[in-house]
Amino acid sequence: MFSTVLVANRGEIAVRVLRACRELGIRTAVVYSTADADSAAVRLADQAVLIGPALSRRSYLNAAAIVEAARLVGADAVHPGYGFLSEDADFAEICADNGLTFIGPPPQVMAALADKSSARALMSRAGLPLPPGSVSPVPSAAHAAEIAAEVGYPVIVKAAAGGGGRGMTVVRCAAELSRAYARTRAAAQSAFGDDRVYVERYLTEARHVEVQILCDQHGNGVHLGTRDCSVQRRHQKLVEEAPAPALSAATLDAMAQIALRGALEVGFAGVGTVEFLVDAEERFHFLEINCRIQVEHPVTEMITGIDLVHEQLHVAAGLPLRIRQEDVRPHGVAVECRVNVEDPYRDFAPTPGRLDRFVPPGGPFTRVDTHGHPGYLVGPHYDSLLAKVAVWAPDRDLALRRLDRALAEFDVAGPGVRTTIPFVHRVLDDPDFRAGRHTTALVDRLLGADRPPVPRPDSAELPRPGSADVPASGSAPESAPDPGPADLPGPEPAAAPRSSAAPPVSGVPAPAGPRPGVAPPLRPAVPPLRAAVGPDPAAPSPSTRPVAATTASTAHPS
Ligand code: MV4
């Protein structure tokens, strides 16, 4: 096993990995940017190395600075988390060249799977069903038109170098194709320096189902079942669950087995996720393989009892897999939602600011992964994921009720700060979602229905904070005016307001027994939500915990 692991990431995933290392008796180090000097990861790690400014290109994406930090702390391995350099085959190679174990698949495997066109060809050869379309890159608009005519419209033009929803265009009819083809190629060239694209039949009203795999470096692997991640907005997942609901055991099992077989055939090692789209007839189609630990891994951990980061470290150290397929016995249902510091009433714009109040939920079978704490300053530089709330229950209905309960307990407040919690409540209230019948079309449907007929009266005063790596201009986030009461318009207009920060509503009995075929509501009504009130003078002051033994070294060659 490793003696010192350097975590090359930030936020909740850095905390997650540091905890796993601590549990395994591995010394820890973390890199951080000037924006994260006061972070949970810096406090939890044995050592912390400042590698650069907030701008991620010059810190968390700076391979040279990270390798130098690893040398400084005497690390023998680098854990990249998710995002940043986690799927960068060049970085994995640089680590190897510097005597560091990159905790992920072999660089050649990462490179072959990062190219979606190559991944598609490899998985097709291994027997995975693909959406109908081209296996190799499509060299001209005329070729694209031929393929589209064969598979039928709508089609989707995807950048070979894309993935995760980046660099793709849906084309509804032949008249749109040549422009969309040219535009996708140009966009891919400018975004990835690679203009190869391929064409697939566009599958509508499908579900996003993924299979968690775990493979060692000796050709052994297991799958850890499925997750449904259909609740997405602009390719950002909002709610994830395991196992995928409302699909037959035969379908789920076939998908999981074939996913594992495909991965093993290309020499995959480490933890990975094989993504599929599942259509209304339960036919599944391979999309891509992710070579990293994923944000939503906790739901799989909760139904299997397997710590994926422990196992990831175990196989990265070259040890043989210690779990047999028959040891993986998924039990019950786990559901997770992401709590982002964004305003769901303002097109999910980030709302950075200081958290005057931060009291995460607790209670039975409730897990919160977060780097937040009272007084934490959510900056404008990185993605806005603040916490993940995951719950487990023996069945899906109780899991959804439990998540609703946990979210109602979550108290996050600060000037200008909003969270996605009200939107998740809305998802949990949706009858299609409650029945497990939802598809990737759910979020757009909810947002369409939620769009207010007139703009909110305070809309002109609201700040528009910058997105990731683009610092907000004008007033500092902390000085943002409080927009006051707000709600997603609902069927019950402005009745008894409830604060999202308030404890669960009590005293109103839930309707008796479920009606046949109709899921009982999670809460007595669909209570309108009130925006959090201003700072609480009684709120705890910023953490005064002593800083753990921290080497405040700097390393930023660039
Ligand atoms: C598709 C598709 C429909 N048909 N491919 C989005 C993420 C990336 N992995 C591929 N994606 C899609 N590929 C075909 N042939 C629809 C999507 C897609 C999607 C997939 C899962 C969850 C949400 C989505 C939202 C839009 C598009």
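Short version: what are the Cα gyration tensor semi-axes of the stretch 132-201, square root of 5 times each eigenvalue, largest first, in whole Å?
Result for the stretch 132-201: semi-axes of 18, 11, 11 Å.
Sort largest first and round to whole Å: the equivalent ellipsoid semi-axes of the stretch 33-155, each the square root of five times a Cα gyration tensor eigenvalue.
Over the Cα atoms of the stretch 33-155, the ellipsoid semi-axes are 40, 17, 12 Å.
Points 7 angstrom from Cα along the Cβ direction at A64 and A280: gap in nanometres?
5.6
Alpha carbon centre of the stretch 292-329 versus the stretch 167-183: separation in Å?
Taking the Cα centre of each part, the stretch 292-329 and the stretch 167-183 sit 40 Å apart.
In whole Å, largest first, what are the principal axis extents of the Cα atoms in the stretch 351-405?
38, 19, 14
Can you give the charge dipole size of the stretch 384-450 about its Cα centre, rounded to the nearest 20 debye, using +1 on the beta carbon of Lys and Arg and -1 on the beta carbon of Asp and Glu?
On the way: 10 positive and 10 negative charges, 24 e Å.
The dipole magnitude comes to about 120 debye.
Kindly state, to the nearest 0.05, the FRET efficiency for L377 paired with T251, given R0 = 41 Å and r defined as their beta-carbon distance.
0.35
Grab the Cα-Cα distance for R234 and R322, subtract it from 0.36 nm times how many residues apart they are, and report the gain in nm with one decimal.
Here the answer is 27.9 nm.
Between D395 and Y153, what length comes free when the chain is fully extended (0.36 nm per residue of separation minus the Cα-Cα distance, one decimal in nm)?
83.2 nm
Can you give the FRET efficiency for R71 and E23, using 1/(1 + (r/R0)^6), R0 = 25 Å, r = Cβ-Cβ distance, to the nearest 0.05?
According to the calculation, E is roughly 0.45.
Would you give the gap between the C-alpha center of the stretch 215-268 and the C-alpha center of the stretch 409-448, rounded to a whole Å?
24
Using the Karplus curve 6.51 cos²θ - 1.76 cosθ + 1.60 with θ = phi - 60°, work out ³J(HN,Hα) for each residue of the stretch 39-47 in order, rounded to whole Hz, and write x for Gly and Pro.
With coefficients 6.51, -1.76 and 1.60, one gets 9, 4, 5, 5, 6, 7, 6, 5, 9 Hz.
Using R₀ = 45 Å, calculate the FRET efficiency as 1/(1 + (r/R₀)^6) where r is the Cβ-Cβ separation of A96 and D432; round to 0.05.
0.45
In nm, what is the difference between 0.36 nm times the number of residues separating H310 and R183 and their Cα-Cα distance?
Extending this stretch completely gives an extra 41.4 nm.
Hey, can you grab everything whose amide H is under 5 Å from the amide H of N9? Only 5+ residues off in sequence or another chain; H modelled, so Pro and N-termini drop out.
Under 5 Å from the amide H of N9 lie the amide H atoms of V31, each far enough along the sequence or on another chain.
Computed from the coordinates by the stated procedures, all read-outs in this text should not be read as laboratory data. Computed from a predicted structure; not experimentally measured. With ideal geometry, Cβ positions are generated from the backbone for all residues, glycine too; neighbour counts draw on all protein chains shown.
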